[in-house]
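Presented below is the structure to which this report refers.
The values are calculated or read from the model by the stated rules, or taken from the named source; none is laboratory data. Everything quoted here is computed from the prediction, not taken from an experiment. Using ideal geometry, Cβ is built from the backbone for each residue, glycine included, and neighbour counts are taken over all protein chains shown.
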């Protein structure tokens, strides 16, 4: 059978794409404006090419630092350069031209992606008080629609934050539905929580799925699954870290477990990369200790106003009072956001034995990325990519159901 294909818009680090690739879809092109994320996508492409050629040791050599990224790319035969580092906007001619070269006359089966969501997020609207009518991010759905109009896919998947439903009292979301329908698509939206699909994180997102009018396709039945695992299953096999530890390569501290096997987070290599911790000053470490003690012993969240005066640095004690938050080791994590790239206060490691914030690898695991997924650009860039990503395990479930329906 012909392998179904897709174009990935606003691709980020490739979380949504990863799910579709694992479900058996072939990526035609990834379009992304962030250079670090594009390099991450390229590296992941090389992983799949080398895996297909039974040459994964070359990829592992790159992760271990034995060869350069240039050496890695040159080791891939018949390399397909399908990552387009460009900003989707009013003039997409160069992007269209490159995609046309990559399609080689093939029909496009799917378009997937989620435009940047800051303009729709509740936090984003709080900061600017209202959704600016002239904010260009509000109209990125129209740019997404231009790709639908040009490539006419059978199905599209559009992911975004819950705030898109309520922005401007629902006007923007209604505009999206009306606009997509004028292009010949039926569509339906649902709010999905990633914890229902194997991800150890409470992360609710709006998933719009559209299909050509007149087809017998319908929104797939995404049945919530039992998820008895906890964040403890993610953390237990990773090495002890002190704040500031920058050992990019570490050995696993223990054997694998049922969740790591079932989720394929541990999937072959006998080492783990990017288990690195940011440095914290003494004041923050003291605050972390207080927050950890409250949470582990009393299941109480630290309120900023309750801190001793000597530890306070903000005069505003009414907004963002929970700016210090410990990850729940006995359940699912709270939502991982791109803000984790700025500081780790909202993602404190849940143990008095390791007083620090989450490592890059721990955050990636909470997002369900496999351990052999490498995020390019350094620690801050990696955190940003991880926080913005669609969890691959949820993407896999969506992709499998769409594949079954098609």
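Summary table below
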{"read-out": "Count of residues meeting criterion [more than 21 Å from the chain's Cα centre (by Cα) and under 28 Å from residue 397 (Cβ atoms)] in the range 239-260", "value": "5"}
{"read-out": "Test set (1) in contact with a helix residue (DSSP H, G or I) (Cβ under 9 Å, 6 or more places away or on another chain); (2) at pLDDT 95 or above; (3) more than 21 Å from residue 37 (Cα to Cα); (4) part of a helix (DSSP H, G or I) - residue 168 fails condition number", "value": "(2)"}
{"read-out": "Cross-chain or 6+ apart pairs with Cβ under 8 Å, the range 275-294 first and assigned by TED's automatic domain parsing to the domain that holds residue 311 and in contact (Cβ under 8 Å) with a residue 60 or more places away in the chain, then surrounded by fewer than 21 Cβ atoms within 10 Å (Cβ to Cβ) and in a helix (DSSP H, G or I)", "value": "276/379; 278/379"}
{"read-out": "Condition check for residue 177: surrounded by fewer than 20 Cβ atoms within 10 Å (Cβ to Cβ), under 26 Å from the mean Cα position of the chain (by Cα) and without any contact (Cβ under 8 Å) to a residue 40 or more places away in the chain", "value": "yes"}
{"read-out": "Residue match in the range 328-337 (condition: under 25 Å from residue 379 (Cβ atoms), free of Cβ contacts under 8 Å to residues at least 40 places away in the same chain, part of a loop (DSSP other than H, G, I, E, B) and in contact with a helix residue (DSSP H, G or I) (Cβ under 8 Å, 6 or more places away or on another chain))", "value": "no"}
{"read-out": "Some residue of the range 371-390 being under 30 Å from residue 212 (Cα atoms), in contact (Cβ under 8 Å) with a residue 40 or more places away in the chain and not in a helix (DSSP H, G or I)", "value": "yes"}
{"read-out": "Any chance residue 354 is assigned to a helix (DSSP H, G or I) and at pLDDT 95 or above", "value": "no"}
{"read-out": "Residue satisfying condition, being surrounded by 13 or more Cβ atoms within 10 Å (Cβ to Cβ) and touching a strand residue (DSSP E or B) at 6+ places or on another chain (Cβ under 8 Å), within set 238, 183", "value": "238"}
{"read-out": "Any hit, the range 56-65, residues being more than 25 Å from residue 386 (Cβ to Cβ), exposed (fewer than 15 other Cβ atoms within 10 Å of the Cβ) and at pLDDT 95 or above", "value": "yes"}
{"read-out": "Which listed residue, of 54, 66, is more than 25 Å from the chain's Cα centre (by Cα) and on the phi > 0 side of the Ramachandran plot", "value": "54"}
{"read-out": "Residues within the range 9-34 that are in contact (Cβ under 8 Å) with a residue 60 or more places away in the chain and either not assigned by TED's automatic domain parsing to the domain that holds residue 393 or not in a strand (DSSP E or B) (or both), tallied", "value": "16"}
{"read-out": "Residues of the range 77-86 satisfying the condition of being at pLDDT 95 or above and not in a strand (DSSP E or B)", "value": "82, 86"}
{"read-out": "Cβ pairs under 6 Å, 6+ apart, first in the range 45-56 and under 16 Å from residue 19 (Cα atoms), second buried (at least 19 other Cβ atoms within 10 Å of the Cβ) and modelled with pLDDT of 95 or more", "value": "47/59"}
{"read-out": "Members of the range 308-327 that are modelled with pLDDT of 90 or more, surrounded by fewer than 18 Cβ atoms within 10 Å (Cβ to Cβ) and either touching a strand residue (DSSP E or B) at 6+ places or on another chain (Cβ under 7 Å) or part of a loop (DSSP other than H, G, I, E, B) (or both)", "value": "308, 325"}
